[in-house]
Each structure stands twice: as structure tokens, then as C-alpha cells.
1. Going through the range 109-126 one residue at a time, which ones are surrounded by 14 or more Cβ atoms within 10 Å (Cβ to Cβ), free of Cβ contacts under 8 Å to residues at least 40 places away in the same chain and among the small types (Gly, Ala, Ser)?
2. Looking only at residues that are open to solvent by 50 Å² or more (accessible area, probe 1.4 Å) and either of a type in the set (Lys, Arg) or more than 10 Å from the ligand (Cβ to nearest atom) (or both) in the range 8-18, which one is modelled with the lowest pLDDT?
3. Can you tell me how many residues in the range 148-168 are in contact with a strand residue (DSSP E or B) (Cβ under 6 Å, 6 or more places away or on another chain) and without any contact (Cβ under 8 Å) to a residue 60 or more places away in the chain?
4. Hey, can you tell me all the residues within the range 32-55 that are of a type in the set (Gly, Ala, Ser) and open to solvent by 50 Å² or more (accessible area, probe 1.4 Å)?
5. Which residues, taken from the range 176-197, are aliphatic (A, V, I, L, M) and away from the ligand (no atom under 14 Å from the Cβ)?
6. Condition check: under 24 Å from ASP11 (Cα atoms), at pLDDT 95 or above, in a loop (DSSP other than H, G, I, E, B) and of a type in the set (A, V, I, L, M, F, W, C). Does LEU100 satisfy that?
7. What residue, among those in the range 196-210 that are assigned to a strand (DSSP E or B) and among the polar types (S, T, N, Q), is least open to solvent (accessible area, probe 1.4 Å)?
Amino acid sequence: MTDVTNYAQIDWDDQGRPHSRQYDDVYFSKEQGLEETRHVFIEQNNLRQRFSALQDNQCLVIGETGFGTGMNFLCAWQLFAECASPGARLHFVTVEKYPLSRADLAKALALWPELAGFGNALLAEYVAVHEGFQQFVFEQGRVTLTLMVGDALEQLPQLDARVDAWFLDGFAPAKNPEMWTPELFAQLARLSAEQATLGTFTSTGWVRRGLMAAGFALKKIPGIGKKWEIVRG
Ligand SMILES: C[S@@+](CC[C@H](N)C(=O)[O-])C[C@H]1O[C@@H](n2cnc3c(N)ncnc32)[C@H](O)[C@@H]1O
């Protein structure tokens, strides 16, 4: 297996936080990384209640656009570990065009000591990351991560899944419109389970209109920190 060469180009700010040189944007907000993830993705998808309600052998599938540092995945896993029954399962499916190198991933995850147990488990599996689909298995199969490396619009059409909850996290639409196109929203709709939900940090009008055209019903929600409004669907 060959390693990918198109790794994320990262600059680190004075507090050790990653910034993408390719997209000139931050991976998470400076002050509120974990709080923002929990507010935008975990709470808007109602995951605490949905994880708690899972029966043995039931699986909740989360889909994400933009794996980045894996922080969203680790937050979801941490909550699942806290409140799901031992027989329930979590499958997290995500796509990433420019994966972090293992060294950069380790540096980014060091920012979140409270996620260290989960982050170390991810780092132990995060080797020989390559183009296309790869699967990481944790907790003897209770938690599965499918990482698709490549452009979202090339990878998502190859996926067969029934996603229950979406995390739309592909950098700001103004900086990266490619992650917010009608073609991509059509893939999200195709891959959604009935009654699938979504959370996203952007309330940009053309993104909302595109998601509604793909069949999602949306609601604006007050944001936290510098974000005035976020969206749930
Ligand atoms: C805001 S960051 C994601 C942060 C991430 N969820 C986390 O927990 O750290 C956006 C990610 O989307 C990725 N990305 C941007 N355009 C993409 C595309 N067309 N296809 C796949 N991934 C893309 C970027 O490389 C970046 O890692």
C-alpha cells in the first residue's frame, strides 16, 4: 500500500492550532473547538438522546464531509462511549481530500487532553493512509470509522450507506464552495436514511437553498462564540 502524497499543508498558530494552507482557513475556531463541535454537530443531531436510545445490535451511522483532525469523530465517539448501551454500535463515515500526516494529526490531537484515550486509539490505526476507502475498527468492532481519502465528489458516489446524522464541516463556503454544491447535496440526500438529520456551522443563504433543494428541511439556530447562526436539518 502506498502512502498518499497530497497531505494537508498545515501552519500552526501561536497557540498550536492548525490552519490549512491549501484553503486558508482554520480547522476549528480558536477559542471554542470542542464546544463548537458539540453545539453544532452533536446537539443539532440530538446524539445524546439517540445514542442512549439505541438497542443492542442497533447501529447509528454518522456521515461527515471533511475529516480533518478527526476531532468531530472523537467527540462523537466519546459521547457514544458515555451513553450508548454496550451492545449498540457506531459507524462514522467521512471523506477527506487532504489527510493530515500522522505527525500533524498527533500534534493537533494533543490540543485535547480530554480526548486523549480516543485520540491515541485513532493514532495507533492511522498508518499507511491512502487514496480511497479504509476502515478502522475500535472497541472490538463496536465503533467503526470509514475514511474515504479523495475529493468528496469522487468518493461519495462510490459509497453505499444509510446515514442517520450528517456533520457538514468542509471549511467556510466562501473559501471552499466545492464542498457545498448541488451535486454534493444530492449525494447526501441519496445516502440519507429516512429522517436523517444534519448540523452545520454555516447559515449562508445559497448553502441553505441548496440543501433545501436536495430535500432537507432546515432551521436556523443561535450559534456560539463568533458564529451568530448555525443550521440544523
Ligand atoms: C473544517 S475542516 C474539518 C475539520 C474536521 N471535521 C475536524 O474535526 O478536525 C474541513 C476539511 O475538509 C477537507 N476538504 C476540503 N475540500 C474537500 C473536498 N472537496 N473533498 C474532501 N475533503 C475536502 C479539508 O481538507 C479539511 O480537512
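1. If the condition is that a residue be surrounded by 14 or more Cβ atoms within 10 Å (Cβ to Cβ), free of Cβ contacts under 8 Å to residues at least 40 places away in the same chain and among the small types (Gly, Ala, Ser), then ALA121 is the only one that fits.
2. So, considering only residues that are open to solvent by 50 Å² or more (accessible area, probe 1.4 Å) and either of a type in the set (Lys, Arg) or more than 10 Å from the ligand (Cβ to nearest atom) (or both), the one modelled with the lowest pLDDT is GLN15.
3. Of the residues in that region, 1 qualify.
4. SER52, ALA53
5. ALA186, ALA189, LEU191, ALA193, ALA196
6. Criteria met by LEU100.
7. So, considering only residues that are assigned to a strand (DSSP E or B) and among the polar types (S, T, N, Q), the one least open to solvent (accessible area, probe 1.4 Å) is THR200.
Here is a yes/no grid of residues against (1) touching a strand residue (DSSP E or B) at 6+ places or on another chain (Cβ under 6 Å); (2) more than 16 Å from the ligand (Cβ to nearest atom); (3) without any contact (Cβ under 8 Å) to a residue 12 or more places away in the chain:
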residue: GLY87; (1), (2), (3): no, yes, no
residue: VAL93; (1), (2), (3): yes, no, no
residue: LEU100; (1), (2), (3): no, no, no
residue: LYS107; (1), (2), (3): no, no, no
residue: ALA128; (1), (2), (3): no, yes, no
residue: PHE138; (1), (2), (3): no, yes, no
residue: THR146; (1), (2), (3): yes, no, no
residue: GLY170; (1), (2), (3): yes, no, no
residue: ALA174; (1), (2), (3): no, no, no
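The values are calculated or read from the model by the stated rules, or taken from the named source; none is laboratory data. Quantities reported herein were computed from a predicted structural model and do not represent experimental measurements. Virtual Cβ from ideal backbone geometry, glycine too; neighbours counted across all protein chains shown. The protein model used for the area step is the full one, side chains on, heavy atoms only, and it has no ligands, DNA or RNA in it. Shrake-Rupley method; radii C 1.70, N 1.55, O 1.52, S 1.80 Å.
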